1. Considering every pair of different Cα atoms, what Kirkwood radius, in Å, is found for the chain?
2. Using 1/(1 + (r/R0)^6) with R0 = 22 angstrom and r between the beta carbons of residue 150 and residue 252, what's the FRET efficiency to the nearest 0.05?
3. Classify the stretch 205-326 as rounded, prolate or oblate from the Cα gyration tensor: take a ≥ b ≥ c as the square roots of its eigenvalues, call it rounded if a/c is under 1.5, otherwise prolate when a/b beats b/c and oblate if not.
4. For the stretch 3-183, what class follows from the C-alpha gyration tensor (a ≥ b ≥ c being the square roots of its eigenvalues): rounded when a/c is under 1.5, otherwise prolate if a/b is larger than b/c, else oblate?
5. When a/c reaches 1.5 or more, the comparison of a/b and b/c decides; with that in mind, is the stretch 41-84 rounded, prolate or oblate per its Cα gyration tensor?
6. Return the FRET efficiency for the residue pair residue 318, residue 207: r is the Cβ-Cβ distance, R0 is 35 Å, and the value is rounded to the nearest 0.05.
7. Which residue, 183, 37, 165, has the most motion in a Gaussian network model of the chain that connects Cα atoms within less than 10 Å?
8. Mind jotting down the distance between the C-alpha centroids of the stretch 238-268 and the stretch 89-154, whole Å?
C-alpha cells in the first residue's frame, strides 16, 4: 500500500431520523484542529434521505466538503449498504484518516468498513494527537482504564471511533460554506430488516447538564430514590457505576464510565463512589465535580472540585433541601 496516495481527513456524519448526531460536530472540531496542523482538508460523508439543511450544519461546524448519499433505503441505518458505500468512497477518495463516532451505530459500522478496505481500527478513543511525520496517535483507555494506550496505524486510512462528549466542537458559524458532492449510492440487497423501533426509556445521560451518580456506598436499590430526589432538585439525571448495573439496580443507559457512557455535564455529583479509573474515564471532563463519600481517602476526592466527607444518607437529603430552597 502506498500511503502517499492518501490525503485528508474524513468524518462519518451519523444521522438518525434525519438529524445529524452531535458526535459528528465534535469529530469535525477535532478534525479541523488536526487538519490545520497538517495543512489538509476536512470532509464529511453522510448517508440518508432528503436531509436538506442538515447537510449545511456540517459546514457550519467545520467541514470543507461533504459527500452526500441520498436514497430512501439509507434513511434508516442499513449496515450493509452503509458499509458498502462508505468503503467505495474511501477507495475512491483515499482519505488518510477516517473518524467515526463510537455510538451504537458507529461501533457496528466501523469494523466492517475497516475490514472492507483492509486497514486497522482503534476503537473508543478518548483523545487524538498528531505524532511524528504527521501520523495520527490514537489514545484510548486500556485494562479497564488503568492505562492509556497510544496507538498508531501503519495502514491507510487511519481509522478510529471516538467517544461522544470527549472532543470539543467548533462554535456554530452559519457563514461557513463548503462544497456538496452528490454521490450516486450503490444499493445492494440487504439481509437486514428493521422489524420495530423501541424507545430506551427517554434517558440520555450524555446530554444531561446535571448528573447525580451513585456507587457502592448506596446500600440498596431503593436508596437510589434519595439520589433521584437530589437529581430532581437540580433538574438532573441519576447515573450509576458498573457494579450497580451488574446487580440489576439500574439499566446500562444510566452507567457512567469506560464501559458505559462518557459524560461532560456542568455539574457532576458523585455519591458513595470511590473513583475507580474505569469510572473516572467517563466523567473526568465534567465542569464541576462534587464528591460525597464517608472515606476521606477515596480517590474521587483527588479529582473533585468540592468534597464532602460524610454519610450520604445525611448529606444528600440536606443538599436536596438546600437546592430546592435556593431554586
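Each value in this text was obtained by applying a stated rule to the coordinates, not by laboratory testing. The structure displayed is predicted, hence computed values, not measured ones. Virtual Cβ from ideal backbone geometry, glycine too; neighbours counted across all protein chains shown.
1. Averaging 1/r across every pair of different Cα atoms and inverting gives 21.2 Å.
2. Between residue 150 and residue 252 the formula returns 0.15.
3. Rounded.
4. Rounded is the answer for the stretch 3-183, as its axis ratio a/c remains below 1.5.
5. Cα axes put the stretch 41-84 in the oblate bin.
6. After rounding, the FRET efficiency stands at 0.80.
7. Evaluated over the chain, the most mobile residue of the options is 37.
8. 25
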